[in-house]
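A quick write-up on the structure given underneath.
The values are calculated or read from the model by the stated rules, or taken from the named source; none is laboratory data. The model shown is predicted, which means the values in this text are computed figures rather than measured ones. Because the Cβ atoms are built from the backbone with ideal geometry, glycine has one as well, and the counts that use them run over all protein chains shown.
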Amino acid sequence: MEDYKKQWNTPGDTSTLRKRKNLSENTPLSKDPGRWTQDDPGSSNGTLAECHGSDSNNPPATLLLLLVVASLSFSTRFHRLSEPSHVCWDETHFGKMGSYYINRSFFFDVHPPLGKMLIGLAGYLTGYDGTFPFVKPGDKYEDHNYVGMRGFCAVLGSFLPIFAYLIVLELSQSSTAALITAAVLIFDTGCITISQYILLDPILMFFILAAVLCMVKFNHLTQRSFSASWWFWLVMTGASLTGALGVKFVGLFVILLVGLNTISDLWRLLGDLSLSMVDIAKHLVARVVGLIILPLFLYVTIFAIHFVVLNKSGPGDGFFSSAFQSRLIGNNLHNASMPEYLAYGSTITVKNLRIAGGYLHSHWHLYPEGVGAKQQQVTAYLHKDYNNVWRVHKQDHNESQSGPPDLVRHGDIIRLEHKETTRNLHSHLHEAPLTKKHFQVTGYGMNGTGDLNDLWQLEVCGGKKGDLVKVLRSKVRFLHRATGCVLYSSGKTLPKWGWEQVEVTCSPYLKETPSSQWNIEDHINPKLPNISLSLLKPHFLEILLESHIVMIRGNSGLKPKDNEMNSKPWHWPINYQGLRFSGVNETEYRVYLLGNPVLWWMNLASLGLYLIMSAVASVALQRGFSLEPKRKEHAHVLLRGGGLLLLGWLLHYAPFYTMGRVLYYHHYFPAMLFSSMLTGITLDVLFRSADLLLRPPYSDWLQRAGLMGLLFTVLYSFYLFHPLSYGMTGPLAHEPGSSMAGLKWMDSWEF
Amino acid sequence: MVFLFSSFNFHSHKIRVAVMLHLPLMVTAQVDLVLVLVTVLSLWTRLCHLSYPNAVVFDEVYYGQFVSLYMKRVFFIDDSGPPLGHMILALGAYLGGFDGNFAWNRIGAEYPCSVSVWTLRFLPALCGALCVPLVYLLTLELKFSHLSALGAALLLLLENSLIVQSRFMLLESVLIFFVLLAFFSYLCFYNAPSSSWFRYGWLLLCGASCGAAIGVKYMGLFSYLLLLGVASLHTWNLIGDRTVSHLSVCVQCVCRFFCLLVLPVLLYVFWFYVHLSILSHSGPHDQLMSSAFQASLRGGLSRITQGQPLEVAYGSQVTLKSSASQPIPCWLHSHKANYPIRYENGRGSSHQQQVTCYPFKDVNNWWIVKDPDRQEMMVSSPPRPVRHGDVIQLVHGMTSRFLNSHDVAAPMSPHAQEVSGYINFNVSMAAQNLWRVDISNREVESDVWKTILSEVRLIHVNTSAVLKLSGVSLPDWGFRQLEIVAEKLFKANTGNLGWTVEEHRYGTSQEQKEREVELHSPSHIDVDRKISFWAKFLELQWKMLTVKQEDSEHKYSSSPLEWITMETNIAYWLHSSSNAQIHLIGNPVSWGVANFSLLAYQVLAVFYLLRRRRGFKDLPHGVWCKFVCLGCVCVGGWLVNFVPFLLMEKTLFLYHYLPALCYLYLLSPALLEHMHTHLLSSVTYQRALCVWASAVLLSVFLSYRTFCPLTYGNPELSANELRGLKWRDSWDILYRRR
């Protein structure tokens, strides 16, 4: 037994120890370059200074390069910005939403509000008045001022190469690597196209890269903790994270990246035994404040502004609860007046109490063959519609014709008749269409004549026998008399035959959940006096939670349609298919979102190259081969800087494989940024390792030749493909007279 | 049986068989009686009264049909998993002499006496029973004491859900067995002294059991990946070990690579090889496969296609099958009925003859390939074969209408073009009936259009749209047949555009009347076409992964989060007249113990990790390694077998949780031992812990006893007793009202 134990222990033992030793060896090394470039150039390590070239530790040169990058970036993005002068692709959504902010009418979208708010603001500041309807792509702007909004997006888009340049410079301390990255991004047709229109993506990517840049800057200040610049970058990281998340939920991935980085940072600090627990606690608290509390606060502020600005009723009302709607000017619940207590003979709408639950709804369509009984569908519907209207009847038919109507009380047995189709709300012992444990709910009977299965017992939650039912305020349940089940909204979306509305069932499980509770929203009874009802205003946090759940539901509800071509994640890195932004025919002005294929394929190849190189490097380190300091330095740049970027790429790409929602080509762009930065680092290290092949003077030539070749490839491919972003007219690419003739390298490209 | 055990126990630590070469010849054997006892008990709990109930229980109805098909050697596709599991079940049936003649049509149907129920259920039950000693040995290999090993074995032994799942013709117990075997053999390999070559035997066994586990259910992949992770971590440490020579490191890495990566893959393919060699007859799922695949099966398509001419020529009479198998396989079809002038939604149509896709063999599926430049519709001699890029016309055999498409919206998919049989109404709608033949697999085959082998896209010459099955059914006016459209190439998904010629003969008649007679006559003659095993394997695998599962909810389906607290159960069987019933319900006490230990391990691990990072070494190094290894295997095993289900969008059941649960049962006693030896300093606490542990074990046993009637379906309980067993409101326990 003892022998075995030893066997088990020894290998693990030495290795863990060694690994830790390695780590502690590495940390000062990797910190070094950061320090000497910033503080005392060229002081310490001669070999390092040599291999890094003179360019990176020469501030004026760096600044000059940065200026070149910036000017190229801005000029490529602003070239022909106002063309085409019609609505392109998703501008129809985001331009419209910008207008909603200017008009202050409430709308609903699956993305958080910051991006659209900024677009609205940009439009407002540049003199757009919010009157253009943005009905469909291809509509001419005419004299509406749209260039301001496009320009705003283009400015943010122009920052991407600059940020990428700085990030790579910080990670690799090599301006060659940074320049490769910047060149790839500046001359990528996809990045140019996506930055030139009123879209959320340039804004999103701006914040993503800003967050990464601040994080990297922050990482390099470990030696000067709690200094002003340390705090500055920490706070800026947090703020950029808010920005990213505030534009699209894709921002969660960059939050994850920063989170993982912070955890590893804290872990390193914890292992540093020279720091006391108090110091570590300070570090922890600083990060919690900077990266959690501050962003959360800013995020909530964004929503607060959103709700304050949008105070008029608009197209998004029905998605939200009755209480929420009463805030909106122009909504029929705003300062509503209606009979206070539910009465027989009233016409009502019934809204489910689960968050973003719909109105009880029915329509002239039957359940299809094989889905329970072939009777009329009953669903929950999120929009306001005349088919949401029901009439309350007594169990028997003789209703008092004169005098004030009777009021409905807790425990009463009622019948609900659908006003439009005169069918009764009905349930029976058939399986519900989706939730098989529940029973089906249908519309049954004619002109209110049905059977015993149409009877429902109405109960006020927490009420006792004889209590009146308050409109809007009482939570009620509908118990089915015959089967004892309770009317329930499962929240699942019905297939096409149910018009993708929400399933309504009758649940035999009587547990009280919001899904089985309803409230009476509209209440019309001419025989009763209307009373002005001041609703309980919902708490801000409730609104926030509600809008998030609605957004998440909306996102997962975007299922691919059958006849729509949907893009698969594996299409993206190989640049399989782009997106048509504008124009189909020969006569139209065509813009096609497609990455510069040469650059994208180069990114893909260097991803593979990176994996091989880093595997070789890490095995060499683990095996303890004696390496020159220069090689060691390369290995660390690859493993640390490259590792961070690879993680970023993975986090922004891999999750799409698990998503059920409809996906588009442009979802890959954030990942593509990381991939391009990785390309910069990989190729740079590759070129620098040329002396593994050749002796010194020749290896330098090889390195230079490689760089020149690369630059030439980038420029020439941009020259070839630039009409994709700056617009094409004339014949399509498969005809010889086209400007893109011979460039349709893949059948799936559509230009 | 005795032999089985002695050989099985050979490698456990307590047993050393020492053979001395001195005289007198001595054989000393030590037998771990506890292990034997546990094994016997486990066999007893799993195997006794195995043939009760003598009726189809739950998913037996699903697996049973495949067993029958194996017995009849009829081809089928099961998208739920690879074939090894089904083959093991079929082996049991084969040994019992089952002839495949039993219709598995509903749960609860009585087996006739010709079916040997015992043998059908024997193999899964045996695997389930062997899991218990395996857990015992595994705990020992994790370097914990025999007492812990006994505890783990007892938890597994007294787990009602595992017993239920083992006792029927189901696959989870087989899966769990192979997974545990894989981990056990890997640890044996790892713990063996590095000088012995014998340990590579363990590694081979490990690779083989991984291959088997994946072959039984795709779920085995999760555990396999974990094992790979653990193995690569160990290999990484080996690489960093500078006392080992470079050569030795290389050799060891290659060995591990071969045993743990190559071997499982080879085995996985091998299962399919066996599967395909057994199933040589055509059957109900033929239609899902390509024509070439079908032709390789005996009976079915090969009977029809035998002796057809290979190359399609001008004048050929053909039926065209869509290579899209969604929603159902079908043939290009037309009939004497026109599109309605106006559809329900008010859109207009061309009112020309309908062209549809029809899922049954029919004389209206015949089309004639015609050369646009010539009049005749018979094959010239010698035949002029149609090649890639040629332009043809397709004439419907029975009605002589030309296949036509034009810029009119299709009936159900208005974004695509309508396809019709052309009728000239003199309304300035000229015929556009030229189609270009585009053979998409011409690299593999040849650029001549071949029967069955070539996959052809028909591209409309005027509009360069491609003939396509849209997948939507037409309403009543189209007899609920499937809609055919022509869609622009770049819009259409590339998946389902191909058409294959299935039936084919050279036409000999020029006159319409003669031709109708010819079309009605059966086709004939004889050739045998074979495709390679690899082609068949890849096609079958692709189909298995892409056939869409209905993700509708089942009455007993549940969501993963409900499994942890066992909010749900599954009714497996209810006696046709009495209250006797079998449920998949776990032992609630063990379930609680498992959850508690999972939580406790995580808390402890975080605590230790933080302390170690600050330089406090609470545990000696060896103990720490043991603790980490326990976590990697057990908590890791639970995570990889549980978390993926949270992301899955398919119908899930409680039994999907059982593999994850086994890992927790492995964890609990080991963790208890760890606390006992390393956390509790005073003897009093240690004693208290022992008392507490025995009390828990006792209550595990009691709750096992309590739920026994629901586990074995015997004895029958009264309605009141059943109500007493309903420990959770959400459990569905059935009572008959009398």
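Look through A:Ser626, A:Ser689, A:Ser699 and report the one residue that is more than 20 Å from the chain's Cα centre (by Cα), assigned to a loop (DSSP other than H, G, I, E, B) and among the polar types (S, T, N, Q). Before the answer, list the steps.
Numbers: A:Ser689 fails: assigned to a loop (DSSP other than H, G, I, E, B); A:Ser699 fails: assigned to a loop (DSSP other than H, G, I, E, B).
Exactly one residue qualifies, and that residue is A:Ser626.
Per-residue answers, yes or no, for (1) over 30 Å from A:Val254 (Cβ atoms); (2) out of contact with any helix residue (DSSP H, G or I) (no Cβ under 7 Å at 6 or more places or on another chain):
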site: A:Val288; (1), (2): no, yes
site: A:Leu296; (1), (2): no, yes
site: A:Val309; (1), (2): no, no
site: A:Pro315; (1), (2): yes, yes
site: A:Leu328; (1), (2): yes, no
site: A:Met338; (1), (2): yes, yes
site: A:Leu342; (1), (2): yes, yes
site: A:Ile348; (1), (2): yes, yes
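Checking the conditions here, which among B:Val61, B:Val27, B:Val17, B:Val34 is modelled with pLDDT of 90 or more and not small (Gly, Ala, Ser)?
After applying the criteria, what remains is B:Val34.
Of the residues that sit in segment A:429-448 and are touching a residue at least 24 places away in the same chain (Cβ under 8 Å) and within 19 Å of A:Trp390 (Cβ to Cβ), which one is farthest from the other protein chains (Cβ to nearest Cβ)? Don't jump to the end; show me each part of the working.
Filtering segment A:429-448 for residues touching a residue at least 24 places away in the same chain (Cβ under 8 Å) gives A:429-435, A:437-444, A:446-448.
Still in the running and within 19 Å of A:Trp390 (Cβ to Cβ): A:440-444, A:446-448.
Working: A:Gln440: 13, A:Val441: 16, A:Thr442: 19, A:Gly443: 22, A:Tyr444: 24, A:Met446: 23, A:Asn447: 26, A:Gly448: 29 Å.
Ranking the qualifying residues of segment A:429-448, first place goes to A:Gly448.
Within the set of pairs 6+ apart or on separate chains, which have a first residue in segment B:546-563 that is modelled with pLDDT of 75 or more, a second that is loosely packed, with under 12 Cβ neighbours inside 10 Å, and C-beta atoms under 8 Å apart?
B:Pro560/B:Leu646; B:Leu561/B:Leu646
Cβ-Cβ under 8 Å, sequence separation 6+ or interchain: first residue in segment B:98-122 and in contact (Cβ under 8 Å) with a residue 12 or more places away in the chain, partner basic (Lys, Arg). Which pairs?
Cβ pairs passing all conditions: B:Gly100/B:Lys72; B:Arg121/B:Arg167.
Give me the helices (runs of 4 or more DSSP H) completely within segment B:155-239, filtered to those with at least 2 residues that are within 14 Å of another protein chain (Cβ to nearest Cβ) and either crowded, with 24+ Cβ neighbours inside 10 Å or out of contact with any strand residue (DSSP E or B) (no Cβ under 9 Å at 6 or more places or on another chain) (or both), ordered by residue number.
Values: elements: B:160-166, B:172-191, B:199-216.
Correct list: B:172-191, B:199-216.
Could you tell me which numbered condition A:Glu564 fails, if it satisfies all but one of (1) exposed (fewer than 14 other Cβ atoms within 10 Å of the Cβ); (2) modelled with pLDDT of 85 or more?
That leaves (2) as the condition not met.
Could you pull out the residue among B:Val269, B:Val216, B:Val249, B:Val265 that is over 25 Å from B:Ser80 (Cβ atoms), of a type in the set (Val, Ile, Thr) and not assigned by the TED database to the domain that holds B:Pro372? Don't jump to the end; show me each part of the working.
On the way: B:Val269 fails: over 25 Å from B:Ser80 (Cβ atoms); B:Val216 fails: over 25 Å from B:Ser80 (Cβ atoms); B:Val265 fails: over 25 Å from B:Ser80 (Cβ atoms).
Result of the check over B:Val269, B:Val216, B:Val249, B:Val265: B:Val249.
Could you give me the residue pairs with C-beta distances under 6 Å whose first residue belongs to segment B:391-413 and is part of a strand (DSSP E or B), whose second residue is surrounded by 23 or more Cβ atoms within 10 Å (Cβ to Cβ) and of a type in the set (Asp, Glu) wherever it lies, and which are 6+ apart or on separate chains?
B:Val408/B:Glu418
Only one residue in A:Leu204, A:Leu269, A:Leu273 is farther than 20 Å from A:Val288 by Cβ and within 14 Å of chain B (Cβ to nearest Cβ), so which one is that? Steps first, answer last, please.
Numbers: A:Leu204 fails: within 14 Å of chain B (Cβ to nearest Cβ); A:Leu269 fails: farther than 20 Å from A:Val288 by Cβ.
Checking each option against the conditions leaves just A:Leu273.
Take the residues in segment A:67-114 that are assigned to a loop (DSSP other than H, G, I, E, B) and within 21 Å of A:Asp143 (Cβ to Cβ); name whichever of them is nearest to the chain's Cα centre (by Cα).
Looking only at segment A:67-114, we keep the residues that are assigned to a loop (DSSP other than H, G, I, E, B), and these are A:79-85, A:87-90, A:104, A:106-113.
Now restrict to residues that are within 21 Å of A:Asp143 (Cβ to Cβ): A:80-85, A:87-88.
Working: A:Arg80: 29, A:Leu81: 26, A:Ser82: 27, A:Glu83: 28, A:Pro84: 27, A:Ser85: 28, A:Val87: 23, A:Cys88: 21 Å.
Filtering segment A:67-114 for residues that are assigned to a loop (DSSP other than H, G, I, E, B) and within 21 Å of A:Asp143 (Cβ to Cβ), the one nearest to the chain's Cα centre (by Cα) comes out as A:Cys88.
Here are the criteria: (1) within 14 Å of chain A (Cβ to nearest Cβ); (2) at pLDDT 80 or above. Tell me which single one B:Gly471 does not satisfy.
The number of the failed condition is (2).
Just give me the residues in segment A:284-308 being surrounded by fewer than 17 Cβ atoms within 10 Å (Cβ to Cβ), without any contact (Cβ under 8 Å) to a residue 60 or more places away in the chain and away from chain B (no Cβ under 14 Å), in sequence order.
Taking segment A:284-308 and keeping what is surrounded by fewer than 17 Cβ atoms within 10 Å (Cβ to Cβ), we get A:284-286, A:288-289, A:292-293, A:296-297, A:300-301, A:304-305, A:308.
This time we only want the ones that are without any contact (Cβ under 8 Å) to a residue 60 or more places away in the chain, so: A:284-285, A:288-289, A:292-293, A:296-297, A:301, A:308.
Once the filter is applied, which keeps residues that are surrounded by fewer than 17 Cβ atoms within 10 Å (Cβ to Cβ), without any contact (Cβ under 8 Å) to a residue 60 or more places away in the chain and away from chain B (no Cβ under 14 Å), segment A:284-308 yields A:Val285, A:Val288, A:Val289, A:Ile292, A:Ile293, A:Leu296, A:Phe297, A:Thr301, A:Val308.
Please count how many residues of segment A:145-179 are buried (at least 21 other Cβ atoms within 10 Å of the Cβ) and under 21 Å from A:Ser105 (Cβ atoms).
Of the residues in that region, 2 qualify.
Quick one: which of B:Phe642, B:Phe627, B:Phe596, B:Phe616 is buried (at least 18 other Cβ atoms within 10 Å of the Cβ) and either within 13 Å of chain A (Cβ to nearest Cβ) or over 30 Å from B:Asp59 (Cα atoms) (or both)?
Working: B:Phe642 fails: either within 13 Å of chain A (Cβ to nearest Cβ) or over 30 Å from B:Asp59 (Cα atoms) (or both); B:Phe596 fails: buried (at least 18 other Cβ atoms within 10 Å of the Cβ); B:Phe616 fails: buried (at least 18 other Cβ atoms within 10 Å of the Cβ).
That would be B:Phe627, the only listed residue that is buried (at least 18 other Cβ atoms within 10 Å of the Cβ) and either within 13 Å of chain A (Cβ to nearest Cβ) or over 30 Å from B:Asp59 (Cα atoms) (or both).
Would you tally the residues in segment B:71-101 being assigned to a helix (DSSP H, G or I) and under 22 Å from B:His656 (Cβ atoms)? Walk me through how you get there before you give the answer.
The first filter runs over segment B:71-101 and keeps only residues assigned to a helix (DSSP H, G or I), leaving B:71-72, B:83-95.
Then keep just the ones that are under 22 Å from B:His656 (Cβ atoms); that gives B:83-89.
So the count comes out to 7.
Out of curiosity, is B:Val589 away from every other protein chain (no Cβ under 14 Å) and surrounded by 20 or more Cβ atoms within 10 Å (Cβ to Cβ)? Show your work before the answer.
Values: away from every other protein chain (no Cβ under 14 Å): yes; surrounded by 20 or more Cβ atoms within 10 Å (Cβ to Cβ): yes.
The answer is yes for B:Val589.
Only residues that are exposed (fewer than 15 other Cβ atoms within 10 Å of the Cβ) and out of contact with any Phe, Trp or Tyr (no Cβ under 8 Å at 6 or more places or on another chain): list them for segment B:267-286, please.
Result: B:Phe270, B:Val274, B:Ser277.
Scanning segment B:240-256 for residues that are more than 14 Å from every other protein chain (Cβ to nearest Cβ) and without any contact (Cβ under 8 Å) to a residue 40 or more places away in the chain, which turns out farthest from the chain's Cα centre (by Cα)?
B:Val251
Does A:Ser717 count as within 20 Å of A:Asp188 (Cβ to Cβ), more than 14 Å from chain B (Cβ to nearest Cβ) and either modelled with pLDDT of 90 or more or touching a strand residue (DSSP E or B) at 6+ places or on another chain (Cβ under 9 Å) (or both)? Even if it seems obvious, please write down each step before you answer.
Working: within 20 Å of A:Asp188 (Cβ to Cβ): yes; more than 14 Å from chain B (Cβ to nearest Cβ): yes; either modelled with pLDDT of 90 or more or touching a strand residue (DSSP E or B) at 6+ places or on another chain (Cβ under 9 Å) (or both): yes.
Spelling it out, A:Ser717 is indeed within 20 Å of A:Asp188 (Cβ to Cβ), more than 14 Å from chain B (Cβ to nearest Cβ) and either modelled with pLDDT of 90 or more or touching a strand residue (DSSP E or B) at 6+ places or on another chain (Cβ under 9 Å) (or both).
Here's the yes/no breakdown for (1) crowded, with 24+ Cβ neighbours inside 10 Å; (2) at pLDDT 90 or above:
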site	(1), (2)
A:Val598	no, yes
A:Leu604	no, yes
A:Leu611	no, yes
A:Gly624	no, no
A:Gly643	no, yes
A:Leu650	no, yes
A:Phe669	yes, yes
A:Ser676	yes, yes
A:Thr679	yes, yes
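If I go through segment A:480-528 residue by residue, how many of them are part of a strand (DSSP E or B), of a type outside the set (Gly, Ala, Ser) and away from chain B (no Cβ under 13 Å)? Spell out how you get there, then give the answer.
First, the residues of segment A:480-528 that are part of a strand (DSSP E or B): A:480, A:486-493, A:502-507, A:518-524.
In the following step, the residues that additionally are of a type outside the set (Gly, Ala, Ser) were identified as A:480, A:486-488, A:492-493, A:502-506, A:518-524.
Still in the list and also away from chain B (no Cβ under 13 Å): A:480, A:486-488, A:502, A:504, A:506, A:518-524.
Of the residues in that region, 14 qualify.
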